[in-house]
Amino acid sequence: MADIASIVTPDTILRWHRELIARKWTYKRKRQGGPPTMKVIEDLVVRMARENPSRGYRRIQGALSNVGHTVTANTAKRILKSHGLEPAPDRKSTWARFLKNHCESLAAADFFTTEVWTTRGLVTFYVFFVMRLQTRKVRIAGATPNPNAAFMRKAALDLVGFDDGLLRGCSHVIIDRDDHFTVEFLDDLRSHGVKAVRIPASSPNCNPFAERFERSIQEECLDRMILFGRRSLDRAVREYEAHFRRERNHQGLENELVDPEPAASPPSVRMSCRGRLCRLLNFYFRRAA
């Protein structure tokens with residue numbers, strides 16, 4: 001003891017003694033309350049709240065009972081609070097949910113740029129396109145090195161002025177804050193019942209369908225070509241537009257084609273391939289026997 005006392009103080013020894021006694025008489029207590037909520041129920045509560053912003057705790061409780069889960073309204077409240085979701089009156093709908101709810105009458109429009117060799121050297125061309133969100137149909141409205149008011153008015157006429165215009169029957173078109181969307185262009189759309197909705201600044205994720213098409217045409221087509229002159233660019237984008245609509249499978253459409261051609265009846269055993277742009281874009285199918 002004398003050796004130990006020279007290393008530590010008596011208070012330290014007494015503290016160790018008390019801790020040992022406390023550890024001896026400390027038992028694991030059983031958890032108070034009911035069992036933890038199953039993960040599947042928690043996921044359902046969060047999903048129902050996010051997909052239905054107007055539903056309160058009791059409506060979520062009722063929806064859960066429809067699929068065989070019995071929980072209290074307080075349990076739903078606790079789950080939503082743990083995930084940072086507000087009560088129904090304050091719960092905001094997400095932009096993705098808004099797009100899904102209104103995609104039948106929504107379209108998206110945007111520009112992308114590509115470099116073209118001309119007699120003046122490399123020239124930047126602006127390509128303007130529009131997409132209907134529900135069907136994924138795309139229309140290349142034009143390409144120009146100078147998207148001025150005259151170019152935009154001609155594009156508006158092509159999109160809403162004719163019976164086959166892509167924006168006919170559309171209520172809103174999503175655009176960014178690019179100055180190329182002129183006042184005259186917006187007025188022409190508005191006169192045909194199409195209202196432009198501008199996304200927040202520096203928020204390309206708010207126009208995901210247009211951004212995805214731009215990435216697709218660049219990666220699958222334009223980045224793999226050297227374009228010489230305006231005609232070369234026009235041919236490339238028109239061929240890709242036709243490929244995108246009739247020959248390219250889309251994951252957002254359950255891996256189906258946007259506008260499939262009638263199936264051959266009866267189909268041939270042999271497979272055929274149709275290539276565009278010197279077989280840069282290929283489509284495999286079976287011809288009629």
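Quick notes
- Annotation for ASN52 and MET271: the two label points, set 7 Å from Cα along the Cα-Cβ direction, are 4.5 nm apart.
- Separation in nanometres of the label points that stand 7 Å from Cα toward Cβ, at GLN134 and LEU157: 2.9 nm
- Note on ARG168/ARG78: beta-carbon distance plugged into 1/(1 + (r/R0)^6) with R0 of 41 Å gives a FRET efficiency of 0.25.
- Segment ARG235..THR124, full-extension length gain: 38.3 nm, with 0.36 nm per residue of separation and the alpha-carbon distance subtracted.
- Centroid-to-centroid separation of region 228-246 and region 202-227 [C-alpha atoms, Å]: 14 Å
- Looking at region 173-229, the trypsin sites (Lys or Arg not before Pro) that sit in a DSSP loop and have at most 12 other Cβ atoms within 10 Å of their own Cβ are ARG177.
- Sorted peptide list for 178-188, 164-174, criterion being average Cβ within 10 angstrom, highest first: 164-174, 178-188
- ARG286-ARG248 FRET efficiency (beta carbon distance; Förster radius 25 Å; 0.05 resolution): 0.90
Values in this text are rule-based calculations from the coordinates and carry no lab data. Keep in mind that this is a model prediction, so the values were computed, not measured. Every residue, glycine among them, receives a Cβ derived from its backbone with ideal geometry; neighbour counts consider all protein chains shown.
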